[in-house]
Structure formats: structure tokens, C-alpha cells
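We did not get these values from a lab; they are worked out from the coordinates using the rules stated. As the structure is a computational prediction, the values presented were derived from the model and not from experiment. A quick note on method: Cβ atoms are made from the backbone with ideal geometry, for glycine too, and the neighbour counts reach across all protein chains shown.
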């Protein structure tokens, strides 16, 4: 148990310190009403996601990392969103600054370092698409996240975790939030966490939906 706690702290320090040292001055919210930044990445499922394959869908992108406690807390709620909109024009992408194998391990039933963190925090497996931002482990001794691990998050001006960005069917950024339900209803204030996200998504799924928050 102590070993897992120390690992969570080490991962959090490395990732958050890496973001703190970053030179990004823009905010995710600066992208609202702008076209989604171009990227093309394969998910662990083998599906390719880019502006072409995402066209015509409402897209929810959740940036997170293993060991980030508020990120871990969001997983079960995002799983519920995936189930709720399973037959709708919605794609939910989970993007993390890890190599693919670490994310595979995290989401597996096998006994390994990363699945142990998930189980210790009593979190379910991720049931939506997962994209690994790192091609190789590039966290340096200074704690800075290497540029290879910011291929997508850098495009979206991500500076903190978790960050959630919602894009409308026309490929335009409609909403951003950083932190666990930072600007949304949440269990902490006695309301349904998914209510805030659902209201935004429902508006965007409507014909000519153009909700911006």
C-alpha cells in the first residue's frame, strides 16, 4: 500500500512539475469558437482519430494521467457518459502522456504497477477510446514532460489535469474546463457530475447545435 502511494505521488510530481515548467502561455479556453487543432493518432483499439474520422460527431477529449487523483475520479463518470451516448454521434477520447504499454497495463486485469494504482483507487477500467501521447518514456530527471508527450495536449494549450474539451459536429471547440468538474455540477456540491456535461452535449447533438460555454 505504501509503495503504491509513493508511486502515485511520484507520478503526480513528475507530470505536474513538467506542466509547470512548460512555456505555454495560452489557455484551452482561448480555442473556444476556433476550429479543432489538427491531429491524427491511433487509439489503443486500433481506431484512427483525426479531423476526417471525427467529422460529424460531437467530440469529448479528456486529458489526464495515471496517478492524478481527480483524473482517476472522473473515469467512472466518463464511462457513464459513454454508455449514455453509445448510440449517438459522440466520440469520447482519453489522451494521456504515457506510452501505450503503460495505459494497456493500467486498463488490464493483470497484476502490474499501473493496474495496481487503478485498483487501489477503486476505479473501473476505461470504457472509451484511449490514446497514448508518448512514443517512449521521456520524462526527464527534472520532471519536465518531453515534447513527444505533448503532441496533442500542446495543440490544445493543456496546462493542468484533468482538462476536458468538447468539440461540436462542425469541428469547432465549444467548451473547455480544467480540474475535476471545475465549472460543472458535481457530487461535491450535491449535484450530478454528468449533468453539466450532458447539458452541453445534448445541446450540441441537436440540429444546428452551437452551445458554447
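Worth a mention:
- Distance (nanometres) between label positions extended 7 Å along Cα→Cβ at residue 119 and residue 48: 3.7 nm
- Pairwise FRET efficiency - residue 202 versus residue 136, Cβ, R0 = 35 Å, nearest 0.05: 0.30
- Placing dummy labels 7 Å off each Cα toward the beta-carbon, the span from residue 40 to residue 69 is 4.2 nm.
- A simple spin-label model places the labels of residue 29 and residue 84 2.3 nm from each other, with each point 7 Å out along Cα-to-Cβ.
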